[in-house]
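> The structure follows.
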Amino acid sequence: MDDLKERTIRGGFAKVCAQAATFLLRVGSMMVLARLLEPKDFGLVGMVTALTGVLHLFRDFGLSTATVQRVHVTEEQISTLFWINLLVGAILGLLAVVIAPVVVVFYHEPRLFGVTAVLAIGFLFNAAGVQHSAILQRHMRITALAMIDIISLVVSTAVGIGMAVGGYGYWALVVMTVTLPFVATVCVWLTTSWIPGRPRKHVGIRSMIRFGSTITLNGIVMYVAYNFEKILLGRFWGAETIGIYGRAYQLINIPTDNLNSAVGGVAFPALSQLQDDANRFKVYFLKGYSFVLALTVPITIVCALFANDLIFILLGPKWTSVATIFRLLAPTILILAMINPLGWLLFSIGLVKRSLHIAMVIAPLVITGYVIGLQYGPKGVALAYSTVMTLWVVPHIAWCVHGTVVSFRDIMVAVSRPLLSGFTAAAFAFGVQLLYGQWLSPLPRLVLGVAVLLSAYLGMLMYVMGQKAFYLGLLRGLRSSSSVEQENALVLAKQSEHTSAG
């Protein structure tokens, strides 16, 4: 278990660093592409992905999660799952091509046929790397996965920007989207050096398929819940509107996706290995949960308080209409950070049906909000989404933790410290902005506001809320794991020397 702790801390640090780099790359690419392309270019691709994106949820059929969650898994099982994934990917690609004419008719936009057909290739690329990625995650090779994420993002971004500079318009976004899974799959194959064997019958994968299919169904329901508004906006308000709303939504989800991927990519395999050790399971989960919240609270406040300056700096003056939508969506950053990690809890102990039942409740609530807000355009939809999610968060938490080793009180204690620190810091930052902000241009004003916010937040969290020992403990664990790595390297080197001398 000490080795698991070291690998978790080391992997978590590597993943957080990689996600920080990924965050900068994604934001940087958006800044460049927003200046090279028009809102309608983003809207055309967004129209297709909003409809075909649900097919991506079938790309691994939940089988990668099943591979990681299982305590014991055989070579024959993984090989058989690989071929199932590949078959599913091929079917999904063909299905996307078949529905391309439907997409054209639905949106009244003929250019979407080619976009849909090219994006269909991505299903096959994704499917070919699912089990290889699961193997790396299962073995806690988080650093390798983090590097693969960065490499694939760098290559795809370079391709997209190059094509945008070359005047290819929305095709730059299409090719960039397909390049990402292709490069990632090539990298995971090279890293694992694993060649799948022939598929076999009767190797005990039926329960894994049931587990994976439940996760897939859960993902479909949640995808519809979180993306149906884009379909409605694209259909009734047009490509330019969905392009504007989509930029706000993408920017809002970058920190949420990055943090959930960074911590969840480490937490889920670690918790899966601890599912039979209740005390350690609870400690590991609450530490990961607290860490995510501590990072998310200041990000949420920055997005809400400084939306105008952020959008002006990140996207440029032609995107100023995004700022209001961005601010209205900001609360969902914190809400999703509070509820997404509960998926680690449910999936790692096998409570996937409960997760599905929760999804079946939240989806109609959110969709109802979209429909009510649709008549007011993207601003109405954004406000409705944030309102429903805020009202839902407490029932969601209570339902998830019921009957588990983690109590509702544990979650509330974890939430209260960063939240109180954030509110205090927000008051300081807002006051400084009122006093000095009007005399500054957008960039210096943003830097000043963020600096004051972070200083006040860290002071409150570390000293007033007494979290200094917690984060120092994480740092000591990282140093300890690094020392173990160095010692292991020295032992291997000495063994190599003895072998050579022999």
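> Please list, in order along region 395-400, the HN-Hα scalar couplings obtained from phi with the Karplus expression 6.51 cos²θ - 1.76 cosθ + 1.60 (θ = phi - 60°), rounded to whole Hz, x for Gly and Pro.
These are the phi-based 3J(HN,Hα) values: x, 4, 4, 4, 5, 5 Hz.
> Once you place label points 7 Å from the Cα toward the Cβ at F236 and M147, how far apart are they in nm?
The modelled label-to-label distance comes out at 5.0 nm.
> Give K379/K468; K282/K353; K230/K282; K282/K468 a once-over and call out the pairs whose C-alpha atoms are over 28 Å from each other.
Working: K379/K468 40 Å; K282/K353 21 Å; K230/K282 38 Å; K282/K468 21 Å.
K379/K468; K230/K282, as the Cα separations exceed 28 Å there.
> Assuming R0 = 35 Å, can you tell me the calculated FRET efficiency for the pair A90 and I313, based on Cβ-Cβ distance, to the nearest 0.05?
Computed FRET efficiency for A90 and I313: 0.20.
> Quick one: compute the contact order of region 348-441, relative version, from alpha carbon pairs under 8 angstrom and 6+ residues apart, as a percent.
Reported as a whole number, the value is 17 percent.
> Further question: Residue by residue through region 335-350, what is 3J(HN,Hα) from phi via Karplus (6.51 cos²θ - 1.76 cosθ + 1.60, θ = phi - 60°)? Round to whole Hz and write x for glycine and proline.
For region 335-350, the Karplus curve yields 4, 5, 5, 7, 9, 4, x, 5, x, 4, 4, 5, 5, 5, 9, x Hz.
> Now for a separate question. Roughly how many Å is it from the Cα centre of region 408-441 to that of region 335-378, as a whole number?
Spelled out, the Cα-based centre of one part sits 26 Å from the other.
> Students often check this: by mean Cβ neighbours within 10 Å, which of 219-230, 354-365 ranks highest, and how do the rest follow?
Going from most to least packed, we get 219-230, 354-365.
> If you don't mind, there's one more thing I want to ask. Hey, what do the phi angles of region 430-444 turn into as Karplus ³J(HN,Hα) couplings, whole Hz, using 6.51/-1.76/1.60 and θ = phi - 60°, x for Gly and Pro?
5, x, 5, 4, 5, 6, 10, x, 5, 8, 10, 7, x, 5, x
> Turning to a different aspect of this structure: Which of S193, S421 comes first, and how do the rest follow, when ranked by fewest Cβ neighbours within 10 Å?
Starting with the residue having the fewest Cβ neighbours, the order is S193, S421.
> Same structure again: Fewest to most neighbouring Cβ within 10 Å: what's the order for Y370, Y471, Y170?
If I rank by nearby Cβ atoms, fewest first, I get Y471, Y370, Y170.
Any read-out appearing in this document is the output of simple, stated calculations on the displayed coordinates, not a laboratory observation. The shown structure was predicted, so the numbers you read here are calculated from the model rather than taken from an experiment. Backbone-built Cβ (ideal geometry, glycine too); neighbour counts: all protein chains shown.
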